[in-house]
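See structure below.
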Amino acid sequence: MGFRTLDDVDVKSRRVLLRVDLNVPIIDGKVTDTTRIKRVASTIEELSWKGAKVILLAHFGRPKGKVSVEHSLKKIIGTMKRVLGCSVYFARDCIGDEAQGAVAAMKDGDVLLFENTRFYAGEEQNDLEFARALAVNGDIYVNDAFSAAHRAHASTEGLARLLPAYVGRLMQAELEALKKGLGDPVRPVVAIIGGAKVSTKIEVLNNLIGKVDALVIGGGMANTFLAADGLNVGKSLCEHDLADAARAIMAKARSEKCTIILPIDAIVAYHFRANVPHQHYGIDAIPADGMILDVGGQSIECINGAIDGAATVVWNGPLGAFELYPFDQGTVQVAKRAAERTREGRLVSIAGGGDTVAALNCAGLAEDFTYLSTAGGAFLEWMEGKPLPGVQILEK
Ligand code: ADP
Ligand code: MG
């Protein structure tokens, strides 16, 4: 499937409604992380430089369809101006007279931010009347918010039905990277899935089995698989009620010729805390009162061997309790190998997920991956193989 991009449209003097993700973290009124603003900067700059009237649409937090000072986008205007290095005008509403007046005053190249789209219930309901009210202010719609594309809302899906619709540069990069990951990957493909629980990732596991050549399972969720295989995991995090689900996934893998790689050794502690005493055990000798908090050295060797044999790696979920030193080591050692192979040009590496991004940032390896998705929920739904409504509607 192809997408219409900014290469396919003349935006000069046109009003462009650009959906972006400005859901930045704010503590005590201050934006604490500008990553999301920086990432959409190039699309905004390109449109402005090409002479478009750039009108930014975004949500902020969960105001649940009501106007709320706490959720006003006004408080990020200062940061926006600083990061973008240009004037950013603000309209205290995203529809109606206030919005129309602000748009009428725009000159070519101007950048205007509309107030939170979620101040209207019609946004999340994908209400046609609300989408029409948004659409009157634009000639063209551009979506650059992949992270919101798993939701069919008025500003992420509805607008694409009403105006000529295009993919922004950030979303374009994300879609191209994901295509390299699972859409049309160079084989062999190895997926690495970690994290706390199987229950949050059953659909991810099931989808991957049909698509990848090998599936590495680590983190807390590996314990559920080990226990389902009859091993004793002591006091480790384990969802015993999901033993059948785990066995079904392993059976499906066998029939689809997808190799499952589970830990063969582990780092065990007795408290879920950083810097506590810990020991190394083979996976068939976990002490009854111990907790598996990370994969062991032999498992790391085995996973790194799989990475060496792979052309593509798709990764979600840390392999251990990475927030607690030294139980980050499995994740770090494997990330290092993937980063190294990527730098050497031998591997396409795609990673995503809130904690996965945090772990790779902590390890200082985020830049070395082919693509690190910060899209959170949308990335996971993509891993589940679900169509994303905000993407689907943009397909040619
Ligand atoms: P992501 O946000 O990248 O999708 P998850 O939220 O699924 O990842 O998983 C991250 C969490 O999994 C972390 O909080 C980490 O501490 C936890 N975790 C990983 N391995 C273990 C383990 N062996 N025991 C307990 N928690 C674990
Ligand atoms: Mg998480």
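The values are calculated or read from the model by the stated rules, or taken from the named source; none is laboratory data. Since the structure is predicted, the reported quantities are computational estimates derived from the model, not experimental observations. No Cβ is skipped: glycine too gets one built from the backbone with ideal geometry, and neighbour counts run over all protein chains shown. The area values use the complete protein model at the heavy-atom level, side chains included, leaving out ligands, DNA and RNA. Shrake-Rupley method; radii C 1.70, N 1.55, O 1.52, S 1.80 Å.
General remarks:
- Fully extended contour minus Cα-Cα distance, from Val186 to Glu367, at 0.36 nm per residue: 63.0 nm
- Anchor Lys30: aspartates and glutamates whose Cα lies under 15 Å away (excluding residues fewer than 8 positions away in-chain): Glu70
- Zone residues, the stretch 128-159, relative to Glu384, backbone N less than 17 Å from point 7 Å out along Cα-to-Cβ: 147-153
- The stretch 1-128 - accessible surface per residue (Å², probe 1.4 Å): 50 Å²
- Charge dipole of the chain about the Cα centre (unit charges at C-beta), most positive-ward option of Gln279, Ser147, Pro164: Pro164
- Against the chain, whose longest principal axis comes from its Cα atoms, helix 219-228 is set at around 50 degrees.
- 25 Å Cα-Cα threshold exceeded, pairs from Lys201/Lys235; Lys74/Lys179; Lys38/Lys66: Lys74/Lys179; Lys38/Lys66
- Tilt relative to the chain, helix 35-49 - C-alpha long axis, 0 to 90 degrees, to 10: 40 degrees
- For the chain, the relative contact order comes to 16 percent (Cα pairs under 8 Å, sequence separation of at least 6).
- Distance between the 7 Å Cα→Cβ label points at Asp7 and Thr35: 2.8 nm.
- Protection proxy ranking of 32-39, 120-127, by the mean of other Cβ atoms within 10 Å over each peptide's residues and highest first, is 120-127, 32-39.
- Taking 7 Å steps out from each Cα toward its Cβ at Lys75 and Arg161 produces label points 3.4 nm apart.
- Sorting the segments 67-80, 325-338 by their residues' average number of neighbouring beta-carbon atoms within 10 angstrom, most packed first, yields 325-338, 67-80.
- With R₀ fixed at 22 Å, the C-beta to C-beta distance from Glu98 to Gln125 puts the FRET efficiency at about 0.55.
- On Cα atoms only, tilt of 297-308 relative to the major axis of the chain in degrees: 50 degrees
- For the stretch 1-97, the residue among Gly2, Ala52, Val24 whose Cα projects farthest onto the positive side of the dipole built from Cβ charges is Val24.
- Each label was represented as a point 7 Å from its Cα along the Cα-to-Cβ direction; for Asp139 and Asn232 these points are 7.4 nm apart.
- In terms of its C-alpha gyration tensor, the stretch 1-150 has a rounded overall shape, because the principal axis ratio a/c (a ≥ b ≥ c, square roots of the eigenvalues) stays below 1.5.
- In this Cβ point-charge picture (+1 for Lys and Arg, -1 for Asp and Glu), the stretch 278-396 has a dipole of about 400 debye about its Cα centre.
- Highest average packing first - 195-208, 52-65, Cβ atoms within 10 Å: 52-65, 195-208
- Tensor-based shape of the stretch 159-314 (alpha-carbon gyration tensor, a/c under 1.5 rounded, otherwise prolate or oblate): prolate
- Three-way shape call for the chain based on the alpha-carbon gyration tensor, with the a/c threshold at 1.5: prolate
- DSSP bridge orientation in the stretch 11-121 - percent antiparallel, rounded to nearest 5: 15 percent
- Efficiency of FRET between Arg343 and His240 - r from beta-carbon atoms, R0 51 angstrom, step 0.05: 0.80
- Percent of beta bridges antiparallel (DSSP, the chain, rounded to nearest 5): 25 percent
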